[in-house]
Structure formats: structure tokens, C-alpha cells
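The values are calculated or read from the model by the stated rules, or taken from the named source; none is laboratory data. What you see is a predicted model, and the numbers here were worked out from it, not measured in a lab. Glycine also receives a Cβ, built like all others from the backbone with ideal geometry; neighbour counts cover every protein chain displayed. These accessible areas exclude ligands, DNA and RNA; they are computed on the full protein's heavy atoms, side chains included. Shrake-Rupley method; radii C 1.70, N 1.55, O 1.52, S 1.80 Å.
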Amino acid sequence: MGQVDLSVNIGGIAMRNPVTTASGTFGFGQEYSAFVNLNKLGAVVVKGITLEPRLGNPMPRIVETVAGMLNAVGLQNPGVDVFLEEKMPFLRQYNVPVIVNIAGNTVEEYAMVARRLDKTPGVAGLEVNISCPNVKQGGMAFGSDSGMAAAVIRAVKENTGLPVIAKLSPNVTDIGEVACAVAEAGADGLSLINTLLGMAIDIDRKKPVLANVVGGLSGPAVKPVAVRCVWQVSQAVDLPIIGMGGITCWEDALEFIMAGATAVAVGTANFVNPRTTIDIIEGLQNYCLNHGVGDIKELIGCAWKYRERS
Amino acid sequence: MPTMEVGHVLHHKRVGPGIYYLQIKAVSIAREAEPGQFVHVRCTQGTDPLLRRPFSLHEIDSDRGIISLLYQVRGKGTKWLTGHQANDPVDLMGPLGRGFRIVDGISKAILVGGGIGMAPLLPLAQAFRSKGVEVLAFLGAASRGGLRGGLVRLEAYETSTTFLGLATDDGSMGYHGVVTDLLPTHLEKGGTAVYACGPDGMMRAVAQLAAKYNVPCQVSLDKYMACGAGACMGCVCKRKDSRGEITYARVCTEGPVFDAREVYF
């Protein structure tokens, strides 16, 4: 019986296996630590952090949809200073790479958060959330414009030596184009997809369910869109990808890896089964053992890389 | 510490219109649970509906490893739950949240329940009785058997309290009016603490009365939840913290029980 090498590397972040947590679904690690041994995970990607504390949106913030849910939490977070003082010490108890998701209203804010986090013991990398509305440009999300997305990544890269992963939004006409722009701006890796823009109407009250009107759709319903995006981006750009969007089991994770992802992230599924990440690690291990795959990296992009072969 | 536990159904019966009593063998959860905490329950086998539903603990028997839920059918998830029969598995996460804090040095506790909000007050009553504290419980509903939570499980509440007062909006049982009308005479005597669970309007009224008579008051909030564990920030309530600053607190983690003075209803 051979051993399986599940290790992967995302732009300089060495992971023991390809399974990570999706930002916004796993808090700061402590929330699920009673259910999951964080030391087993490939990496923990924490909730998005902004320069100043953010209150977040009024309620209602969430609503279930068929095989999914909408959220408009609004990036409620304690701000980078409190994050460093109160949340990082807990995470440092573990031997797991911590990737900090960062967000901002302006390019300058992204740069300042990146600088505050640079050289922080225990922080292995940054994931840049460019789905935030750009307040200086009329509220359009940074990630929906290649030029703005690239500007954010460039500013972040100028302010930190940490690996920088750009988290891409699917709410664009051409995700490959945005991917190329951030790659050119110096991103070390990509993560996709963020949530899909959606909404629900309360027919009894005759108004939107969410206080924010629109929210982000996540969960099993979005998986086909996410796999398609990974398929397209992995062929457009030569950067390692963390694929996510509706992953609930090891079979889902394999779809993303075969589509071109180097690693995967589990999000909404954590709410249903907090041990989803652990189940997937075990499932991938067993799959590799049963199929004579000695190294999971052999499978990355195999759904398109070997198309010429019959 | 919360755990994941698959319990199994011991007893399941309809106790009122759209209201069910579900008794579950769940040793780990029963051992740890405190009054006011809740469990997050899978109400599906697939992905539709997707999320777990939170239910407050209605009975906690740590010796026999048994818990029970008193729930109201509201939608797809709870409807699916009604089909559970004896020995069927129930996928649970819990116990979750911060429960009721037993206030020391009082001779009597006042419990106020509105509709299905009565559910978590039963184990609280039992906890107080076991400490020799008198329990005055006041339960209100739209109607004795109404769709919005009738007056059910009365025998259990009668056994676990010193005094049980009932109120219905339509006068079909007990006092004809809102349950909060029954409180002032008892609050003004002092030497007590109030615990309330029910619709926001009811809890706001109870909080105002408690403040007026300078009686400590705790409320148990109910919010739509996704993760139930404090990770997603979806279930927040507006809360004034000790410095008077307004933040959003997680009902699943900082709550569901809050000091009434902190909550913006």
C-alpha cells in the first residue's frame, strides 16, 4: 500500500493537503475548533478583515434558497488591530497556515491593511477580496473591472512580502480577463469563485427579504458556475488556484481539481456538516489510494491537460 | 463543549395545531446542556432544504441522556421533521449558545413565555425548583389552540412551577389579554428576576416592565440561523455593550440569552 502525497503549494504557501476553509464561513478558527482539529487542514482562510472595524449590514442578513443560501453580512469584522491582538494568538496555537482575507473601500485601504499584516508571525498569506464596492468609483466592485482589480493587487504587493492571492468574483462578463489582469499585476495565486449576486422577495411583505436587497448566493447551487470558472481561468493563466463554490464532498473537490484547481475551499457546507473539510481530506486520500495516484498534484487540470490523448 | 451527535427518536407527538413534542436520546448533548441553550438540527437528508434549524432545549435529562424539543411547523425543514418516528436518527449539533444565568439570592423567579417561546422556560423552571426557588410562570398565546402557538404541555409546566398564569389574546383560556398584563403585581413585590422568551414585542414589553420595577431581566432571542456556531455572522441582534457602544452580537454565540438592558428589540 503506497502512501499518498496530498501536499500542494499555493504561491509559496505550503499546505499538507489541498483542503482549506472559505473566508466568511469559518470565522477566525476558534468558532469551529470544537468540531475540527485545525491541524489537519491544508490552510485556514479567515473572515475578511478591514482597516477599521465594520458593523456590517442590518438584518435580515441571510436567507436559505434551494440548495443554497444568500448572505449580505456586509463584512462585519473587528478591524485589523483587534484581529492581530485577539484573533491571531488563538490561531498561532495551531500548526496550520493562516491566510488572511482582506478588504477595503479604496485602494489605499487595501494597501494599509496589507502593510499592517506584513511580517505577522503565523500569517502565511493574504487573500484579497475584490468583491467590495469601490466607494471612490461609485460603488462598483473592484473585481468587476480588470483595471481596478489590478490596481488593488499591485498596491497590496507593494506593501507586503507575503504571498498574495486574488479572490475573483463570478459576476463579470469575462473572468479570464480579470484573472489575466491580476496575474500581470503580480498575484501569486487566485481563488475563485466568490458568491453570485442574487436576491429573494418576501411575497407576504411584498419586499426584498434581505435588508441589503441583494446578497451573495453560495452552496451546492453554484457549483456548476464555479467549476466552469476554474476550467476557464486555469487555462487562461498559469497561477495556482484555490477553487470553491458549493463543495460538499470529496467528489466535488475532485471536480475542481480536475478542472484545474490546485487546492479547494469549503464554505457553506461547513454550516451543514462542520466536519466537511476532514471528510474531504479522507475522501481524497482514499480516492488516490484506490486509483493508484501517488501524488494528488498529478490530477490538477487533468480534465483538460491531456485532452489530445485518447 | 458542543459536539455533533446523532441521537434517535424516543417519542414524537403532536401536542397542538402545528406544534410537536420530540423526545430524543442524545447522551453527550444531554450531559452538557444547560437551560437556555439550543441544538442545531438537520432537517433534510439532501441539499433542499439545506441549512440546519435551531431549536431550544425543552427538556434536559443528563442522568438518562435524554433531551426534548417543542417545535412549531413553519416551513420545509420543520415539516420534514414531523415525519420522524421512534428510533429514527436525528442529526444534532449542540449544546450551543449561552443559556439562562441563574440569579442568586432570589426567593422567586418569574418566567414569561409567548407562543412557542415557552419551550426553553421548562428546563429553567425545573432548575430553579431544584434549588428551592419558587417559580411563577406566565404563558401567553394568541389562542388556546391557535396557529401561532397555542397553550400546550400545560401539565408539564404545572408540575414544574409554583404558580402558572395563562393569557390568551382571544380569551379562549385564562386571562383575556396580553401576558404582560399579569406581571406588575408580582414585579412590584421585588426579590425576583425575570426570564422571558417569545415574540420581540412581548420581550420588549417585559424588558420595559422589569426596568420600571428595577428587576433583573434576561431575554432569549430567536433568529434565523445558518451556521449556529458563530462563524457566519448571519444571526446578529443590535446590542449595546458595557461601554454603551452599539454592536451586532451573534444570537447563536453571545446569546441566545441576553441581559434585557443590552438588547435593541
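So here's what we get for this one:
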read-out	value
Antiparallel %, DSSP beta bridges [both residues in region A:15-159], to 5	40
Entries of A:207/B:240; B:189/B:240; B:189/B:212; A:167/A:223; A:223/B:223; B:131/B:212 with Cα pairs more than 19 Å apart	A:207/B:240; B:189/B:240; A:223/B:223; B:131/B:212
Area accessible to solvent at residue A:223, 1.4 Å probe radius, in Å²	40
Accessible surface of region A:230-285 [probe 1.4 Å, protein heavy atoms]: carbon and sulfur percent	48
Projected label distance in nm at residue B:11 and residue A:249, using a 7 Å step from Cα toward the beta-carbon	3.7
Table column - 3J(HN,Hα) (Hz), region B:40-49, Karplus curve with 6.51, -1.76, 1.60, x for Gly and Pro	10, 10, 6, 10, 5, 9, x, 10, 9, x
Where the Cα pairs of region B:1-154 fall when distances are cut into 5 Å bins, in %	2, 10, 18, 22, 20, 16, 8, 3, 1, 0
Sum of side-chain charges, residue B:63 neighbourhood, beta-carbon under 14 Å (Lys, Arg +1; Asp, Glu -1)	0
Residue A:213 paired with residue B:64, simple spin-label distance in nm, labels 7 Å along Cα-to-beta-carbon	5.5
Kyte-Doolittle mean at least -0.5 and Cα axial length at least 15 Å: DSSP H helices in chain A	A:107-117, A:146-158, A:223-236, A:276-290
FRET efficiency, residue A:289 to residue B:86 (Cβ-Cβ, R0 41 Å, nearest 0.05)	0.55
Listed residues B:11, B:40 arranged by accessible area, highest first, probe 1.4 Å	B:11, B:40
Exposure of residue A:172 as accessible area (Å², to 10), given a probe of 1.4 Å and all protein chains	30
Modelled FRET efficiency - R0 45 Å, residue A:7 with residue B:31, Cβ distances, 0.05 increments	0.70
Accessible-area composition of region A:1-131, carbon plus sulfur, in percent [1.4 Å probe]	51
Ranked order, B:195, A:306 - accessible area, probe 1.4 Å, largest first	A:306, B:195
Rounded FRET efficiency, nearest 0.05, which uses the C-beta distance separating residue B:264 from residue A:238 and R0 of 41 Å	0.20
Estimated Rh, region B:122-204: Kirkwood, alpha-carbon pairs, angstrom	13.4
Accessible surface of region B:117-214, 1.4 Å probe, proportion on carbon and sulfur as whole %	49
Cα-based Rg / Dmax (Å) for region B:152-192	11.7, 32
Interface residues, region B:220-238 - accessible area loss of 30 Å² or more versus chain alone, probe 1.4 Å	B:224, B:226, B:227, B:229, B:231, B:232, B:233, B:234, B:236
Rg(Cα)/(2.2 N^0.38 Å) for chain A, N = residue count	0.95
Bridge type composition, the protein assembly as shown - antiparallel percent by DSSP, nearest 5	50
Gap separating the Cα centres of region B:53-107 and region A:238-310, nearest whole Å	36
Heavy-atom accessible area per residue - region B:91-170, 1.4 Å, Å²	38
Cα pair distances exceeding 28 angstrom across region A:177-310, given as percent	26
Within chain A, helix-based [θ] at 222 nm, where runs of 4 or more DSSP H residues each add -39,500 (n - 2.57), nearest 500	-8000 deg cm²/dmol
Relative frequency of Cα-Cα separations exceeding 44 Å in the protein assembly as shown, percent	23
Cα centre as origin, Lys/Arg/Asp/Glu Cβ charges: region A:64-178 dipole, Debye	280
Mean accessible surface per residue for region A:260-310, computed with a 1.4 Å probe while every protein chain stays in place, in Å²	44
Solvent-accessible area of residue B:247 with every protein chain in place, 1.4 Å probe, in Å² to the nearest 10	50
Relative pair counts by distance (%), Cα atoms of region A:1-131, 5 Å bins	2, 10, 19, 21, 19, 15, 9, 4, 1, 1, 0
Pairwise centroid distance, computed over Cα atoms, of region B:16-41 with region A:1-25, Å	38
Candidate aspartates and glutamates - alpha carbon under 14 Å from residue B:108, same-chain residues fewer than 8 apart omitted	B:134, B:188
Antiparallel %, DSSP beta bridges [both residues in chain B], to 5	60
Spin-label pair residue A:39/residue A:228, simplified geometry with 7 Å Cα→Cβ offset, distance in nm	4.3
Chain pair A, B: total accessible area buried, heavy atoms, 1.4 Å probe, Å²	2500
Rg [Å, one decimal], Dmax [Å, integer] - chain B, C-alpha atoms	17.6, 53
